[in-house]
Amino acid sequence: MKFKLVVFSAILMGIAFSSEAQITKKPNIIVVLADDVGVGDISHFRKLHKGKIVLETPNIDTLASEGMYFTQAHAPAALCATSRYSIMTGNNNYRSPNPWGVWSGYAKSSISKEQLTLGRVMQKANYKTAFFGKWHLGTDFATKSDANEVFRAAGKKLSLNVDITKIKDFGPNQSGFDYSVTLPSGIQNEPYSIYENDKWLPLKNNSKIALIDKVYMESIGAVMDKKSGLGDSNWMPSDIGSILANKAVKYISDNAKKENPFFMYYCSQAVHTPHMAAAELNGVKIAGTTPSKHIDMIKELDVQVGMMVAALKKQGVYDNTLIIFTSDNGGLHVDGETWNARHEPSDIYRGAKNDPYEGGHRVPFIAVWPNQIKPNQVSEAPLLGSDILATIAAAGNYKMANTEALDSYNLLPILQNKEKKHQRNHIMIQGGTGKEVIIIEDGWKLIIQIDKKDKTNAKRTPIALFDLNTNETEDERFNFINNKKYQKKIQKLFNSYNHTRDSKIITGLH
C-alpha cells in the first residue's frame, strides 16, 4: 500500500512538473507592425473617446480585450523608415548614421553586421526567426554589369543597371532572420518585387523583370507613389497582403510544434499607399466593402491579424505566444472619401503621419500573452516602439549587454503587473520631414526645430510647448511657447533633450 502511495504521488508530481514545464517554456513571439495606422483606425481605441466607428476591427479589438493595451504609446518617429530603424535596433534615431532615414530600396543600410536587431537578439535566445513584409532599412543589390559591385541609386535618376533578381546583402536574412518574405521598400517604391529568402518571388508563372512606371500603374488602377523603377511585370499591390498573410500562416503551421520557439516580425503592407486591398482574403470580401480604399486597407490588416491568431489556435500554441501589435507612425489623412465618411485616423489628436503633433506619432499598442498577461488591462505608461526589443528579449529569457539597444525599455514588468509604469524620466521622439524632435515629460511636450541647413543637427530651437495632461488641451490647441509663466519649464525640457542626446547616455532599461 505504501508503495502504491509513493507511485501515485510520483505520478501527481509528474503531472505538476509537466504543467510547470509547459507554463515556463519560452513563448513564441509575433510582432505585428502595421504601416501608417493611427489610433483612430482601430475601433477599440476609437471607442475610448466615443468617436464615430466607420469600420470595426474585430480581430485587433479582441487582442486588446485579451491582453493589455496602452493609451500613451508612441512610434519612435512620425515617419516609417526612421521608426523602423529604431524599432529594429532599440536605439533612438540620433544614434543612426542616417538619423533622418533610409528611403531607397537600394540605399546603404544604416544597420551594421555587428549591431543587435530584433532578429539577432532572438537568434541568441535560441529562437527560429522570420521576417515578413516591408523592410525599408536599406538593401544591397548587385549591378547588372558586375555581380561583385553594389548598386546605389542616384537620386531621382531611373535605376536600370541593377540586378533585382536577388538580394545581395543587408536584407532580413543577413540581419538576424532565418526566413524572410520581404519587400525592400514596401509596396510604394522600387524595386516593385517581393523576395523569399533573398530570391525574387515571381507573382505569376509568366513574370519577367520589367519597368514599372506611371503608365503601368495607371493601367492597373494604381497611383505611382514614388518613382518609376524595375519590378515584376505582373506587379499588383493588391496581391501582396494575401501573399504575406498566407506565408505567415504557413510559417506558423510549420514551426509551431518544433522544439525551438519561433519569433516572427510581421510588417504588413497595410495601410500604405497605393490603397489597393485584396478583393477577398480568407473568405472575407474586402475591396469596395468600406467607404474608401484607405479604409479597405484597414479591414485587410484586421483580417491578416485574424488569420495569424487562428493559425496559432489551430496549432494549440496561442496560449503561450506573446503577440505585440503596433504601428510605425501615426495615421494617414489622404483622401476625400475617408474624410467624408468621418473616419478619423488620428482619433482626437492633432495632426497625422509626418507631423510632430500627437497624431503623427501616437499609435495603437497591444500586448497579448494568455499565460502571463491578464486580460482587459489598460496602461497609461508612456512607451516607444523601440521598447519592443528589450521586451521580447526578456520574454525569451535573454540578457542583453548594456551596450546594446541603448534606448529600449523592457515592458515585461508592466505587462505582468510587477510595476505600474516605467522609470524613464522622459521619452524622446523624432518628427518627419520638417525636421522637428520632441521630448515629453510628466505630460508636458516640447517640440524642437532642428535647423534644416545644419547637417550636425546641433542647431535647435524650441517652437512649441503643449500640456497633454488635460482633455481640453489634448488636441494641442494651446501653444505656451511664448507664455512667460512656462519659460523655466521650456528651458528645463530643452536642456534635458540636449543633454540626453549630446551625451549619448542610455535611456532604456533591460
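The values are calculated or read from the model by the stated rules, or taken from the named source; none is laboratory data. Model, not experiment: these values are computed from the prediction. Quick reminder, even Gly has a Cβ in these numbers, built from the backbone with ideal geometry, and neighbours come from all protein chains shown. Side chains are part of the model used for accessible areas, which takes the heavy atoms of the whole protein and leaves out ligands, DNA and RNA. Shrake-Rupley method; radii C 1.70, N 1.55, O 1.52, S 1.80 Å.
Among the residues making up segment 97-136, a single one is closer than 29 Å to I450 by Cα, of a type in the set (G, A, S) and open to solvent by less than 10 Å² (accessible area, probe 1.4 Å): G105. Sort through T82, T139, T89 and tell me the only one that's surrounded by 24 or more Cβ atoms within 10 Å (Cβ to Cβ), farther than 30 Å from S346 by Cβ and either among the polar types (S, T, N, Q) or touching a Phe, Trp or Tyr at 6+ places or on another chain (Cβ under 9 Å) (or both). Criteria check complete, one pass: T139.
The residue of segment 152-164 that is surrounded by the most Cβ atoms within 10 Å (Cβ to Cβ), among those that are closer than 25 Å to P274 by Cβ and at pLDDT 95 or above, is I164.
It is to be established whether one or more residues within segment 32-49 are open to solvent by 10 Å² or more (accessible area, probe 1.4 Å), at pLDDT below 95, more than 22 Å from I252 (Cβ to Cβ) and not aliphatic (A, V, I, L, M). Taking every residue of segment 32-49 in turn, at least one turns out to be open to solvent by 10 Å² or more (accessible area, probe 1.4 Å), at pLDDT below 95, more than 22 Å from I252 (Cβ to Cβ) and not aliphatic (A, V, I, L, M). Restricted to segment 401-413, and to residues there that are in contact (Cβ under 8 Å) with a residue 60 or more places away in the chain and polar (S, T, N, Q), the residue that is surrounded by the most Cβ atoms within 10 Å (Cβ to Cβ) is S408. Taking helices (runs of 4 or more DSSP H) as the structural unit, those lying wholly within segment 284-400 and holding at least 2 residues that are buried (at least 23 other Cβ atoms within 10 Å of the Cβ) correspond to 293-314, 358-361, 387-395. In segment 249-303, of all residues being free of Cβ contacts under 8 Å to residues at least 24 places away in the same chain and of a type in the set (D, E), the one that is nearest to A81 (Cα to Cα) corresponds to D296. The strands (runs of 3 or more DSSP E) falling completely within segment 165-245 that include 3 or more residues that are open to solvent by less than 20 Å² (accessible area, probe 1.4 Å) map to 179-187, 229-232.
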